[in-house]
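The values are calculated or read from the model by the stated rules, or taken from the named source; none is laboratory data. The model shown is predicted, which means the values in this text are computed figures rather than measured ones. Cβ coordinates were reconstructed from backbone atoms using ideal geometry, including for glycine residues, and neighbour counts include every protein chain displayed. For the accessible areas, the whole protein counts, side chains as well, though only heavy atoms, and no ligand, DNA or RNA atoms are used. Shrake-Rupley method; radii C 1.70, N 1.55, O 1.52, S 1.80 Å.
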Amino acid sequence: MSPELISQRQIVYTGRKIQVATDLLTTVDGRQVRRDVVIHPGAVVILPVLDRHQIVLLKNYRFIVEDTLWEVPAGTLESGEEPQQAAIRELAEETGYQAARWHYHGFVYASPGVLTEKMHLFFALDLTPGPAHPEADEHLQPVILSLQTALEMIRRGDIRDAKTVTTLLLWDRFYADQFLPPSTS
């Protein structure tokens, strides 16, 4: 049983991708508590894996934080869109690559204290290059990096995007040996 029950939700803002709501909750002991929540349709996060040693990351200018970040390709789910279809679409749009093999890890929450967003994590394998088609407001630069370089960038604090850190560490720790043949070098 949930320790807090929503007794009233008021949408206070509707944007292009999100809504902001104020929830009035009643706790099991009868107290009323107000919570603010950002309602998000969910997103996909993709790590493009070229081979045992190389991955693709994006240099992505983010207006909100006024910085260029190292990120994995990602994007918001469209209404009614299945996560794998969104992953296929986002990978092609942002990098130009198409994947012959996909692995779905599951989902993580970005910030469950205020945000409903589920981020579905995918690993894209057996890639074929093609032209990227980013959206008009995206400033993306796909970059091929070694996995070891990316991991060192995390250690140094150069990769600060949480979804990217999570996906890279999951790949390195749990999946690389499972999906790729052992290195001969």
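Is it the case that the range 112-130 has a residue that's surrounded by fewer than 18 Cβ atoms within 10 Å (Cβ to Cβ) and under 17 Å from LYS59 (Cα atoms)? For the range 112-130, residues surrounded by fewer than 18 Cβ atoms within 10 Å (Cβ to Cβ) and under 17 Å from LYS59 (Cα atoms): absent. One residue stands out in the range 5-43 among those that are open to solvent by 60 Å² or more (accessible area, probe 1.4 Å) and among the acidic types (Asp, Glu): the one that is nearest to the chain's Cα centre (by Cα), namely ASP36. Looking across PRO41, PRO48, one residue alone is out of contact with any Lys or Arg (no Cβ under 6 Å at 6 or more places or on another chain), at pLDDT 95 or above and farther than 28 Å from ARG156 by Cβ. It is PRO41. Give the range 27-71 a look and list any residue that's aliphatic (A, V, I, L, M), more than 22 Å from GLU117 (Cα to Cα) and assigned to a loop (DSSP other than H, G, I, E, B), or say none. Scanning the range 27-71 gives VAL28, LEU50. Residues in the range 92-111 that are open to solvent by less than 70 Å² (accessible area, probe 1.4 Å) and not small (Gly, Ala, Ser): GLU93, GLU94, THR95, TYR97, TRP102, HIS103, HIS105, VAL108. Quick check on my filter: what residues within the range 131-147 are open to solvent by 50 Å² or more (accessible area, probe 1.4 Å), of a type outside the set (D, E, K, R) and out of contact with any Gly (no Cβ under 6 Å at 6 or more places or on another chain)? Matches in the range 131-147: HIS133, PRO134, ALA136, HIS139, GLN141, PRO142, ILE144.
Checked against the criterion of being under 30 Å from GLN141 (Cβ atoms) and open to solvent by 50 Å² or more (accessible area, probe 1.4 Å), the candidates GLU71, GLU66 yield just one match: GLU66.
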